[in-house]
Every structure is written in structure tokens, then in C-alpha cells.
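For reference, the structure is listed below as C-alpha cells.
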Amino acid sequence: MSTRKPTPPSSQRLWTLIHLRIRRRLMSWPAPVRGMLWMALGGLLFSLLNTIARQFSMEMDPYEALFLRYFCGLLIMLPLLWREGFLAYKPVDIKGQFWRGGVHTIGLVMWFTALPKIPLADMTAIGFTGPIFIMLGAAWFLGEPMRRDRWIAAMIGFAGVLVVVLPKMTGDGGWYNLVMLASSPVFAASFLMTKALTRYERPSVIVMWQSITVSIFSIPMALMHWQNPTLWQWAGFFVAGILGTAGHYSLTRAFQTADISATQSLRFLDLIWAALLGWWVFSDVPSQSTWLGALVILFSTVWIARREGRRRAVQVD
């Protein structure tokens, strides 16, 4: 009697098994830790995106770069809309989606105004004031508990940001630093609206409508100083669209998985990625204050991650 050799699994089946195993392992971790992982992934993706966006905002009008970044992100998502149908992406609250898109566009206009004028690491550090506004808003408007250790982690991280920012608040770039600083509470409001939307909207729906609404709101400013992008720039914006879509999906999953205030300390890791990418792409050598602030931020991140993991383990027991 002949024996048949077992058929090796196909590549698609093997990928499915690997995906299920990874998913099962991740789901066994505490929700705050999973939320932090989503936040860390989103931060890395946005750091790569910001590097591309800064390069192109130095080559063309920054508001055109803003529009093209979200328009290409929308084009990236159109195959999903075609495959699953419009009803799969029909929002429960379309008015809320437009309000959120409008607020996010205001923050983006400020952000892209300062983008070509400030080193990547410094701009990222200034943006880290956002978690303070987010934690306040989450406690006041969403009713999330603001535990003492979360405040301590946020304040330590914010102290690290001040170490980076304060020496650079004078000179020609001082005004652009203030513009970037002003965008932080606006983005905080947008993220709080995202958290509220995750209560009844799927992450993919929120990301899709963000691309739609920001494209609509930003196109008038883009047309004021329009210049036809080169083939290389189109390719770069499509890459930025992929990174931005994946990044916003990661942030939305983070907000859906855990309290928004529990995930904010992980945003401070973005400074590490921004410093490395700024040095590699733009030859921006981070100052000693930037690295000192990064070490302080890293300490707060590791500390709150361990605290959140232990708290969840005690609740399960």
C-alpha cells in the first residue's frame, strides 16, 4: 500500500495560520498594552510619513502638499470601497465625520505651515504637548478616569519635551514653533472626536471619511498656488497615502482598544524616530537637549507601560 506524502500548505494558508497565531497571541495581552502597541506602530508610520511630507513641502506649496497627501490616501482606499460597496463605509453619523474632518484640517493647515521651517525632531517634540490636552479632554468630556500615574507619566514626558523645545523658542524659527504649538490643542480635539466616533463607527469608516473630508476642505487652499507634481512626487504622495492610512488606522485601533489617556505616553517615542529620520534624510543633527529630552520621554513611556500592564493583570486575577 502506497503512502501519500502530506501536501505542503499553500502560501496563502500558511500566511493565514501565521496571522491567526499572532492575533491570538496579541489578544491574550492586556488591553492597555495592545492599545499602546497600536499607538507605537502609528507613531512610527507617521514619522515616516512626516519625513516624506516635509521633503515635498519644501519643494512645493505646503497646502498643495497637504491636499495631495490626503487625496492620494483616499485613492489608496478606493479599491476597498469598490470591493465592499458604499454601504460598508456609510457612516452612522455623517455630520460627526465632517465636524471631525474640519477640525483636523485646521490643525493640519497650522502643521503644514510650520513643517518646512522647523527640523523634524523639534516639530515632533512640540506636537507632544497634545497628550496633555487629550488627557484633560478625555477626563472632562469622555468621562475617562485620570489616574495619578497617567498624569505623572504625561508630566514627565512633557518635561522632556520642554528640554527639547525651550532652547529653540527664539530666533527666526520662533514664530513657526508657536504655530506648531497652537496646532496641538486642535489635534487633541480631533483625536477626542475620533475616540467618541469609535463607540459606534468602525475604524476603517473613520479613516475613509477623514480622507474624504480633509481632501474636500483643503482643496481650495491647494488650488491657490497649484503646480503640477512630478512623477516622483506623485509616487511619493501615494507612498505617503499608504503610510497615512495605515497610521490613522493604527491610532483608531489604539483608541478603540484602550482608554485614550492610557495610550498617549507612547506618542513620545515618535521623537526617537523623528530624530533618526531627520538626521538620515535632512542631515539635521539633533542637539544635546533633544537627546536629553528623548531619554526623559523614554523613561516615562516605559514606566507607564509597565504600570498599565500590571493594573490589567490585577483586574483579571
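State which residue is surrounded by the fewest Cβ atoms within 10 Å (Cβ to Cβ) when the search covers only the stretch 157-185 and only residues that are modelled with pLDDT of 80 or more and aromatic (F, W, Y).
Per the criteria, the residue is W175.
In the stretch 236-278, which residue that is among the hydrophobic types (A, V, I, L, M, F, W, C) and open to solvent by 50 Å² or more (accessible area, probe 1.4 Å) is nearest to L44 (Cα to Cα)?
W273
For the structure I just gave you, tell me whether I106 is assigned to a helix (DSSP H, G or I) and either buried (at least 18 other Cβ atoms within 10 Å of the Cβ) or free of Cβ contacts under 8 Å to residues at least 40 places away in the same chain (or both).
It is false that I106 is assigned to a helix (DSSP H, G or I) and either buried (at least 18 other Cβ atoms within 10 Å of the Cβ) or free of Cβ contacts under 8 Å to residues at least 40 places away in the same chain (or both).
Quick grid of which residues meet (1) assigned to a helix (DSSP H, G or I); (2) at pLDDT 85 or above; (3) over 17 Å from L192 (Cα atoms):
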position	(1), (2), (3)
Q227	no, yes, yes
H248	yes, no, no
A254	yes, no, no
L271	yes, no, yes
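Looking at Y70, Y63, which one is of a type in the set (S, T, Y), open to solvent by less than 10 Å² (accessible area, probe 1.4 Å) and at pLDDT 90 or above?
Y70
Would you mind finding the one in P131, P116 that is touching a Lys or Arg at 6+ places or on another chain (Cβ under 7 Å) and either modelled with pLDDT under 85 or among the charged types (D, E, K, R) (or both)? Spell out how you get there, then give the answer.
On the way: P116 fails: either modelled with pLDDT under 85 or among the charged types (D, E, K, R) (or both).
Every option except P131 fails the conditions.
Quick one: in the stretch 190-223, which of the residues that are of a type in the set (G, A, S) and at pLDDT below 90 is farthest from the chain's Cα centre (by Cα)?
Per the stated criteria, the residue is A196.
Among the candidates W15, W38, which residue alone is open to solvent by 90 Å² or more (accessible area, probe 1.4 Å) and either at pLDDT below 90 or more than 23 Å from F238 (Cα to Cα) (or both)?
Going through W15, W38 in turn, just one is open to solvent by 90 Å² or more (accessible area, probe 1.4 Å) and either at pLDDT below 90 or more than 23 Å from F238 (Cα to Cα) (or both): W15.
If we keep just the residues of the stretch 273-301 that are outside any helix (DSSP H, G or I) and modelled with pLDDT under 80, which is farthest from A139 (Cα to Cα)?
So, considering only residues that are outside any helix (DSSP H, G or I) and modelled with pLDDT under 80, the one farthest from A139 (Cα to Cα) is V285.
Within the stretch 288-302, is even one residue open to solvent by 40 Å² or more (accessible area, probe 1.4 Å), in contact (Cβ under 8 Å) with a residue 40 or more places away in the chain, under 12 Å from the mean Cα position of the chain (by Cα) and over 14 Å from A121 (Cβ atoms)?
No, there is no match, as no residue in the stretch 288-302 is open to solvent by 40 Å² or more (accessible area, probe 1.4 Å), in contact (Cβ under 8 Å) with a residue 40 or more places away in the chain, under 12 Å from the mean Cα position of the chain (by Cα) and over 14 Å from A121 (Cβ atoms).
The values are calculated or read from the model by the stated rules, or taken from the named source; none is laboratory data. Predicted model only: the values in this text are computed from it and were never measured. Because the Cβ atoms are built from the backbone with ideal geometry, glycine has one as well, and the counts that use them run over all protein chains shown. The area values use the complete protein model at the heavy-atom level, side chains included, leaving out ligands, DNA and RNA. Shrake-Rupley method; radii C 1.70, N 1.55, O 1.52, S 1.80 Å.
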